[in-house]
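Notes for the one structure printed next.
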Amino acid sequence: MSQKRTRYAAVGTGGRVVMFTRPIVGTYQKDAELVGLCDPSEVRRTFHQKALSKEFGIPPVPTYADFDVMMKEQKPDVVIVCTPDCYHHEYIVRSLEAGADVVSEKPMTIDAEKCQAIFDAVKRTGHKVRTTFNVRWGAGPTKVRQLIEQGVIGRVMHVDFEYLLNTSHGADYFRRWHSHKEFSGGLLLHKSTHHFDLINWWINGIPETVFAMGDLVFYGKKNAVARGDETWTRYDRYTGVAEAKDDPFRLALDEDPTMREMYLNAEKETGYIRDQNVFREGVDIEDTMSVMVRYRQGAMLTYSLNTFCPREGFRASISGDRGRIEYSEEHASHIITGDAKTDGYTGPEIKLIVQKLFEGPQEISVEVLEGGHGGGDPLLQEQIFSHAATRDPYGRSAGHEQGAASLLIGAAANKSMATGLPVNINDLVTLNPSVKLLSDLI
Ligand SMILES: NC(=O)c1ccc[n+]([C@@H]2O[C@H](COP(=O)([O-])OP(=O)(O)OC[C@H]3O[C@@H](n4cnc5c(N)ncnc54)[C@H](O)[C@@H]3O)[C@@H](O)[C@H]2O)c1
């Protein structure tokens, strides 16, 4: 007898949700069913409803402004949480309480209190939360994990990780909700959660102590004026502003059909302005960050994130007691739009070098697969939606505890930046103290 289709509902129907809704009604339609789309914006929920019907020939998916009504009417098995980061915990807890499991976009949440609320709700209800760390699933990151697991460089002692965001993709975080800590937790939550998770997973480590510094030195009005770029500060937004015509940071919502239909046409409803000037007053997140982490098994991490670089990508140097791995990716420059075709890395250029002690360097080739995030997105989608997903030998799925192990580095870093002191993660939220390996966390 065939297994009943899993009923999915999604909350937060902005740019990202298509990563989940399209495979449900497309590739995995035999195993999965999309029973509801919830968002405060009628324009955005209807946009996705119509787009899915048009592309996949399905009847209109029911849409809801009220989450509780959707839960009551549709009784989904799983809720996909795709709202701004600050609301993730609300919908995770409400879904668990209503009897559903959850698939949450990263970061699982943005601070320790909200994380604890999720832990408590999981314990109370016995339902599950999956955090979608799609970067783990890319071909390059997976190869690095494989080499470390095989013991090629021995026991990992240190990781040096530098991430570069450019003035296109990086700037985009300063145009909208991400630019306020209240909504995103800052980029050490919103963005670095990917990187912290990747490192946790690579070295199979649980972070213990965190020290951080950060500042806003490029974006925001004050910085632009101080460097002589005052002309770029004279308007609140870019769309329809003649003065902004030659501004290299300009994003015009009316020049892209998806941007226009999803964001410009919805402004009157919710007041969400997608193209605010990156050099305006009120930006309160850091654009330059340095973090140090000590892991339970002793390994150390030095990490940096810069958001106004001329190019985009990352470089990781991993030192073990038998050798070293150097890994780098360069990504094409892009602005995240609501369009799935451009929302994600396009064709990363990967370089992977392994050098054992007393030997020469060896370059290892990595075959990049088709699909977003270096081929990671389709693999992750299969694991989430297929009833016959192949067993993943690399432990790339993450539950709420592994989701927390990443976000708590960011939360601890925020606290460290505020106090000037190192922060012990277990003073924020207790991650199972009796284990040392990330793979021992759910
Ligand atoms: N894994 C990745 O690579 C990746 C990439 C992009 C975004 N994301 C994540 O996806 C999530 C959504 O990001 P996005 O780029 O789609 O943002 P977005 O701004 O395009 O969409 C957010 C949607 O949430 C809705 N919303 C706002 N407040 C809400 C509330 N209180 N309740 C319900 N819905 C609400 C908005 O109306 C909007 O439609 C974020 O958590 C983000 O971190 C992940």
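Coordinate-derived values only; no laboratory data. If you're wondering where the values come from, they're calculated on a predicted model, not measured in any experiment. All Cβ positions, even for glycine, are placed from backbone atoms using ideal geometry, and neighbour counts span all protein chains on display.
Quick look at the values:
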| item | result |
| --- | --- |
| Per-peptide average of other Cβ atoms within 10 Å, ordering 127-137, 69-79, 109-119 highest first | 127-137, 109-119, 69-79 |
| Ellipsoid semi-axes in whole angstrom, largest first, where each is sqrt(5λ) of the Cα gyration tensor of the range 221-270 | 25, 12, 8 |
| Highest-MSF residue in the chain out of Ser406, Ser41, Ser53 [GNM, Cα springs under 10 Å] | Ser53 |
| Environment charge at Leu357 (Cβ cut-off 12 Å; Lys +1, Arg +1, Asp -1, Glu -1) | +1 |
| For the chain, average projected area of the Cα convex hull in nm² | 21.8 |
| Antiparallel %, DSSP beta bridges [both residues in the chain], to 5 | 65 |
| Order by protection proxy (mean Cβ within 10 Å, highest first), peptides 55-62, 188-195 | 188-195, 55-62 |
| Relative packing of peptides 42-49, 169-176 - highest average C-beta neighbours within 10 Å first | 169-176, 42-49 |
| Compactness of the range 109-187 - radius of gyration and Dmax, Cα, Å | 17.7, 44 |
